[in-house]
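Notes to accompany the following structure.
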Amino acid sequence: MNERDSEQVAHSLMARGYERVERESEADVVLLNTCSVRDMADQKALGKMGMLGRMAKERPHVVFGFLGCMAQARGAELLKNVPHVDLVVGTQKFHRVPDYVGELVARKKRISENAQRSTSNSERFREQAAQCRIRRESRRYGDLDNTSPNGLANVLLNGDGPHPRK
């Protein structure tokens, strides 16, 4: 049953343009389908998803999820206890998995783009702050190097720091 369900979900995702990859490390979506009837299957799935947590930190755009009757039975608990899990879908909603995955991929892409934009803004801010700091120290210590193209002091290039004028 799980294999057939997994194949069905895989085909529906491929119909939306996703493709299978050989390794999890290449995937943008990782879904584990398991059943709660067998405790060992539950533990294996939880262990596997726990190991994938490292990948979630390295590749925050990846969507992680549980499918199947374990997901149905333990949904809220899974979301609470496995922080990188984005999706928990029971057996009655397999047909909605491509919609859910599409929404999550789009959301994570926006978050990732915003984070990159924020990072570049932060870098720009740090750069501007450093330039202001150099200018301020230059005025205070009189080390302004007028030959530099941007009029900034070479204060930070001196190995022993700026020296006040005598």
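Backbone geometry of segment 62-77 corresponds, through the Karplus equation with coefficients 6.51, -1.76 and 1.60 at θ = phi - 60°, to 3J(HN,Hα) couplings of 6, 8, 10, x, 10, 10, x, 6, 5, 4, 5, 6, 10, x, 4, 4 Hz, x marking Gly and Pro. Expressed per residue, the C-alpha convex hull volume of segment 74-113 stands at 58 Å³. Taking each pair of distinct Cα atoms in segment 1-117 once, what is the resulting Kirkwood hydrodynamic radius in Å? Kirkwood hydrodynamic radius for segment 1-117: 14.5 Å. Extension gain for the segment residue 26 to residue 106, taken as residue separation times 0.36 nm less the Cα-Cα distance, is 27.0 nm to one decimal.
Throughout, read-outs are computed from the coordinates displayed, never taken from laboratory work. Being a predicted model, the structure only gives us computed values, none of them experimental.
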